[in-house]
Amino acid sequence: MFCERGWAYFPCPHSGSTKPALNDRYGRMAEFRHTPHCGHWQRRYGWTMRTRTKVILGGIGTGLAIMLAGAVALALIDVRQIGRSNPKQASSFRLPWFNFAETYVDGEVLGVAVGSTKAEAIRAAKRASLTVEPSGWGDNRAGGASLYDKPSLLATMLRQHHLNFHDEADLRRGMTIYFRGERVERIDVHYIYTEAI
């Protein structure tokens, strides 16, 4: 039975007597003292030096095992593949700054296929909710693409060797499409939480 927190009480066979300290089966030091007010043995546990060392080493070993398991899990995740469709999710696996940036020379990225035509790439970028940045061809006026009417914007985009895009709803997400002739040669995609320090 417990009379107060941290102390266990047992019937006292001899009032006023003392009982020697001893170790229990877990290696803890058991301290006994008589409590006249309730007529019970009062027993308190403390840790021996050997047991304390075991606990510390066990904690360190557990921490290292968790870190190793986490490193293995990250190594098995194909972050590049995730980044093709969801750069934001991919960035969560890029420690310590959680910045994602990759270059793709094949396949599809955010709906834009390497090898597709300029017109197809522009339409795909629009479907991915990305907006072109006129600063990519030297127009740094405030207002960006909204200063152009649709026909003139498309005509200007079709003349470029590369196009930069950003997501107006989430400015961390962006993409650059590079062309060779009239076809998409490669695609850079990024999701940046922290700028380089």
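Just one of Ala101, Ala121, Ala125 is open to solvent by 40 Å² or more (accessible area, probe 1.4 Å), among the small types (Gly, Ala, Ser) and under 14 Å from Thr176 (Cβ atoms); which is it?
Answer to the selection: Ala101.
Within region 156-175, which residues are closer than 19 Å to Ile82 by Cβ and more than 19 Å from the chain's Cα centre (by Cα)?
Answer for region 156-175, where residues must be closer than 19 Å to Ile82 by Cβ and more than 19 Å from the chain's Cα centre (by Cα): Asp167, Gly174, Met175.
Taking His190 and the conditions (1) part of a loop (DSSP other than H, G, I, E, B); (2) of a type outside the set (Asp, Glu); (3) in contact (Cβ under 8 Å) with a residue 60 or more places away in the chain, which numbered condition does it fall short on, given that it satisfies the others?
(1)
The values are calculated or read from the model by the stated rules, or taken from the named source; none is laboratory data. None of the values given here were measured: they were computed from a predicted structure. As a convention, Cβ positions derive from the backbone with ideal geometry for all residues, glycine included, and neighbour counts pool all protein chains shown. For the accessible areas, the whole protein counts, side chains as well, though only heavy atoms, and no ligand, DNA or RNA atoms are used. Shrake-Rupley method; radii C 1.70, N 1.55, O 1.52, S 1.80 Å.
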